[in-house]
1. What does the accessible area of Ile10 come to, in Å² to the nearest 10, when a probe of 1.4 Å is used?
2. Amide H neighbours of Val344 under 5 Å, at least 5 residues apart or on other chains, H built in the peptide plane: list them.
3. What ³J(HN,Hα) values, in whole Hz, does the Karplus curve 6.51 cos²θ - 1.76 cosθ + 1.60 give for the stretch 282-289 when θ = phi - 60°, with x put for Gly and Pro?
4. When the chain is fully extended, how far beyond the present Cα-Cα distance does Gln404 get from Thr76, taking 0.36 nm per residue of separation?
5. Given the DSSP H assignment, sum -39500 (n - 2.57) over each helix run of at least 4 residues in the chain and divide by its residue total; what's the result at 222 nm in deg cm²/dmol, nearest 500?
6. Given a 1.4 Å probe and heavy atoms of the protein chains only, how would you sort Tyr225, Tyr282, largest accessible area at the top?
7. Percent antiparallel among DSSP beta bridges with both residues in the chain, to the nearest 5?
8. Return a whole-number percent for the relative contact order of the stretch 121-265, with Cα pairs under 8 Å and 6 or more residues apart as the contact set.
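The values are calculated or read from the model by the stated rules, or taken from the named source; none is laboratory data. Just so you know, these numbers come straight off a predicted model, no measurement behind them. Here the Cβ positions follow ideal geometry from the backbone for every residue, glycine too, while neighbour counts run over all protein chains shown. Protein only, heavy atoms only, side chains kept; ligands, DNA and RNA dropped before computing areas. Shrake-Rupley method; radii C 1.70, N 1.55, O 1.52, S 1.80 Å.
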Amino acid sequence: MKTEPIVRFIELPDLSQAVAQLKGVGADPRSWEIMAPKALFRVVKISAVSFPAATILKQEMLSLGGEAAVARGVLTARAKRSDVLLMGTLAQLRALSGKIAEQPFGLADLSERLVGLLNRDADTIRPPWRCRDQELPVHERPHIMGVLNITPDSFSDGGRYDQLESALVRARQMAAEGADIIDVGGESTRPGARPVELKEELRRVIPVVERLCDELSIPVSIDTYKSDVARRALRAGASIVNDISALRFDPKMPALIARTGAGLVLMHMKGTPRSMQRKPRYDDVVSEIYRFLAERIDRAVEAGIAREQLVVDPGIGFGKRLKDNLLLIDRLSEFLGLGLPVLVGVSRKSFIGQILDLPVEDRLEGTAAALSVAVSRGAALLRVHDVRQMVRVARMTRAISDIQVTPPGAS
Ligand code: HH2
């Protein structure tokens, strides 16, 4: 029987899948390493490159058979700086990094940054998240952080767990449902919320953290930007500080994290919870938040905090419009370029209410859909209220994302 050729696209997300496809067509094993980087196409964005460097990048990329987009003003010699989009295969981008490594105009530094980015892209071994004496294998399977708000006014569960006993019952339930971490918070950060006095925040959270650390085997995280609250919670046995200010609100926080070795979540927020929803606006939301997080990582490392202690979070709902939140979830994988695990908190948030026109108590399916996309884009940690359901959604989504091409004859 005559077989007609079939012409179709195939999906190649990473090098191991490229190798599997090369094996599948029966390519010579010696060619796998050479060809796999040619099978992956990447677009790299570099911001604010000087005029001479942008010109050289364009020339070199063209000479390698790739492409580079620069501002029109670079070609007419009118622009002093330009963003640059490098377009090429992984092999071409690697060759470019070699060609510019010895060049002037800041290109040697750019070469190092490019090599770092490409290595992180190709790296299959990622370290666990170090939280004091625990190591969480967040890259092996998505980790679920269950929310426990000890507040009278949180947007979805305010007032439900502000008695010690009810908080403990809820935490035990979340642990039994598969939570990997319990995140205890004593101050609502919903838009417009007023800050809580230190004494009151301590009164709310410390007894709960003490009891949970005694009872549970999973790590406890403290959702605070105040170093005094974090210090007392760590003393009570917490292992993670979830700082929605990314070390900006309390100058004593960086040294505390460095000294204790606690895990730290660095989250993006525009302004403060009181002001963040007053007409937030971005020219390029992903680039701006990426830059913010990259700078916060540098500050943390300068303060003596190890990279292995850090996790980044784009801060869904913290000073973002509807379209910003949707774009951040859809393009979450771009944050993997920072080389750290990515946490995301979509649970019951108002962007879901805006799309589905549903109140906060009716956003389970919307949360599931957003969480599933986030996991497929590489989210390693998910902060959620509905633990039982979201553990399942995350596991199912990850099983689909992780499935590998099996070359013919291998199974
Ligand atoms: N969202 C909230 C609080 N803390 N921390 C991180 N890292 N990421 C988030 O997205 C995040 C967070 C807001 O949700 P919730 O705790 O349910 O409400 P409230 O702030 O009103 O207590």
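1. That residue has around 80 Å² of solvent-accessible surface.
2. Amide H neighbours of Val344: Leu381, Leu382, Arg383.
3. After applying 6.51 cos²θ - 1.76 cosθ + 1.60, I find 10, 7, 8, 4, 5, 4, 5, 6 Hz.
4. Extending this stretch completely gives an extra 113.3 nm.
5. Computed mean residue ellipticity for the chain: -13000 deg cm²/dmol.
6. The most accessible residue leads, giving Tyr225, Tyr282.
7. 35
8. Value for the stretch 121-265: 21 percent.
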